[in-house]
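See below for the structure under consideration.
Please treat every number below as a calculation from the coordinates, not as lab data. All of these numbers come straight from a predicted model, not from anything done at the bench. Note: ideal-geometry Cβ built from the backbone for every residue, glycine included; neighbour counts use all protein chains shown.
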Amino acid sequence: MTDAAPDERTLDDLRAALAPAIARHAAFDGWTHAALAAAAGECGVPSGRAALAFPAGAVDMIDAWFASLDAAMAAAVPPERIAAMKVRERIAALLVARLEAAAPAREALRRALSVLLLPTNAAGAARLGWRAADRIWRLAGDTATDASHYTKRATLAGIYAATLLVFLDDPSEDFADTRAFLARRIDGVMRLERLKASMRPDPDRRFSPARFLGRLRYRAR
C-alpha cells in the first residue's frame, strides 16, 4: 500500500490494496459488491472509487487477488533460494508457496473457482491460469521461446488446477496430502518427459541427405 491518501492512489494501487481485504470478505459474501463494499470500508476507500477499480466485477476482483498471491509467492521463494534448487524443486516450491498464500482464504478461493467455472468467464479463467503458470516458470528461470514455452505452461496449468481441487478439501496437517499429490503429479510428468526423450531417434541415425551424398562422393576404397 502506498502512502498516498486513498482518493489520490491510482486504480492499480487501489486494486492491489483492496484485493486481500476483498478475499477475506468473499469467504462469507462471495465475490460480490457486498464484499467489495466491506473491503472498501475496511481500507478507508470511498465505495464509488473502489468500484471503479474493478469495472468487470467479480472477475476483476479475483484477478487482483490472484496477482497478490503471485507477489506473495515470489517473496516466499526468493531468487537466491531458487538458484540452489533443481528445476522440479523450483516448480514445487513455488506452487506450494502460492497455495500457502491462499490458505488463509480457502473458502474465498473455492468461491473464486466457482465464479471462473461459469461459461461466461471461461476466457478470463484461461487467462488467469496461464498467467499463474507463466509466472511460476519465469520465477523458476525458464527462458524458452520455442514450442516448449507453451507446452511447459500448459502442462503446469493442468497440474496446478488438479492440485487446487485436492487443496480445497485437504484436512491434513500442513496440507501434507496436497504436497504429496503435487509431488506425484510432478514425478509423473518427469517420467513422461524422460520416456519421450528416450524414444526420440538418435540424430546420428536419422536419414541425412547431405550425409548420404557425402558418402556417395567419398565412398570407402
Which order do the peptides 120-126, 55-61, 32-38 take when ranked by the mean count of other beta-carbon atoms within 10 Å per residue, highest first?
32-38, 55-61, 120-126
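Taking only the C-alpha atoms, wrap a convex hull around region 1-133 and report its volume per residue in Å³ as a whole number. Please report the intermediate quantities before stating the final value.
Working: hull volume 14.4 nm³, N = 133.
Value for region 1-133: 108 Å³ per residue.
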log₁₀ I(q)/I(0) of region 58-151 at q = 0.12, 0.17, 0.19, 0.20 Å⁻¹, via Debye over equal Cα point scatterers, no solvent, to two decimals?
-0.41, -0.79, -0.94, -1.01
Using θ = phi - 60° and the Karplus form 6.51 cos²θ - 1.76 cosθ + 1.60, what ³J(HN,Hα) does each residue of region 124-136 get, whole Hz, x for Gly and Pro?
x, 5, 4, 5, 5, x, 5, 4, 5, 5, 5, 4, 5
In nm, spacing of pseudo-spin labels at THR145 and ASP174 (7 Å Cα→C-beta vector)
4.2 nm
In Å, the Kirkwood hydrodynamic radius from C-alpha pairs for region 1-55 sits at 10.8 Å
